[in-house]
Amino acid sequence: MELIPSFSIDHTKIIPGIYESRVDVLGEELVTTFDIRIKTPNAEPAIAPAAMHTMEHVIATYLRNHPEWKDKLIYWGPMGCLTGFYIIVKGRPAASEMYPIMLDSFRYMRDYEGEVPGATPVNCGTYLMHDLPMAKWEAARYVDYLENADKSRIFEYPKAEKLKLEDGQEFYDS
């Protein structure tokens, strides 16, 4: 089988950032998936599942109530590798255009006080698996990173070259 696009990115070169992962056409609408990378893959510890879960709840609630983004948001959820999130939005904004809303979202998470939205047995399938202090710590770290990052490097995936083996199998090499 052919690798899906997100597996064809050279994960040894990804740094935290905001990357366009894919663009799909649904009917007459464009839908864009962004990779919101918080951790450097395979180089730093993944985000703890309970913190990731809390970030999912708080930021999803923030985005779904945001006056500008609530009608553009299709999905906000964690990556299986626990190094970031995927956000799927209507249209095709550039990765750099996602910067302000992602910065605002993670600032909101960093500063969040109170009960985690939807963290009850009625609203959540694993309602006891939350860690608000760690989620706030991870968000603060990412906010600091985004505010100080080299903007020329955090919006474009590192390039990998597609190579073919003699047997026809394809792989990516950096």
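Binning at 5 Å from 0, report for segment 46-141 what percent of all alpha-carbon pair distances ends up in each bin.
3, 13, 25, 26, 20, 10, 3, 0
Could the peptides 52-65, 9-22 be put in order, highest first, of the mean number of other beta-carbon atoms found within 10 Å of their residues?
Going from most to least packed, we get 52-65, 9-22.
Using a ≥ b ≥ c from the Cα gyration tensor of segment 1-77 (square roots of the eigenvalues), is it rounded, prolate or oblate, where a/c under 1.5 gives rounded and otherwise the larger of a/b and b/c decides, a/b for prolate?
oblate
So what are the ³J(HN,Hα) numbers for segment 64-78, from phi and the Karplus equation (6.51, -1.76, 1.60; θ = phi - 60°), rounded to whole Hz, Gly and Pro as x?
Here the 3J(HN,Hα) series is 6, 10, 6, x, 7, 9, 4, 8, 9, 6, 9, 7, 9, x, x Hz.
Could you give each residue of segment 114-119 its phi-based ³J(HN,Hα) in whole Hz, using Karplus coefficients 6.51, -1.76, 1.60 with θ = phi - 60°, and x for Gly or Pro?
Calculated HN-Hα couplings, in order: x, 6, 5, x, x, 8 Hz.
Report P(r) for segment 63-119: all Cα-Cα distances, bin width 5 Å, range 0 to the bin holding the largest distance, values in whole percent.
P(r) for segment 63-119, in whole percents per bin: 4, 14, 24, 29, 20, 6, 2.
At a threshold of 8 angstrom on Cα-Cα distance, excluding pairs fewer than six apart, so keeping six or more, what relative contact order does the chain reach in percent?
Worked out over the chain, it gives 28 percent.
Output needed: percent of Cα pairs per 5 Å distance bin for the chain, bins running from 0 to the one holding the longest distance.
1, 8, 16, 20, 20, 15, 10, 6, 3, 1, 0, 0
Which whole-Hz ³J(HN,Hα) couplings does segment 145-150 yield from phi under the Karplus relation 6.51 cos²θ - 1.76 cosθ + 1.60, θ = phi - 60°, glycine and proline marked x?
3J(HN,Hα) across segment 145-150, in whole Hz: 4, 4, 5, 10, 6, 6.
Quick note: the coordinates plus some simple rules give every number you see, no bench work behind them. Every value quoted in this text rests on a predicted model; they were computed, and no experiment measured them. Cβ atoms come from the backbone with ideal geometry, glycine included; neighbour counts cover every protein chain shown.
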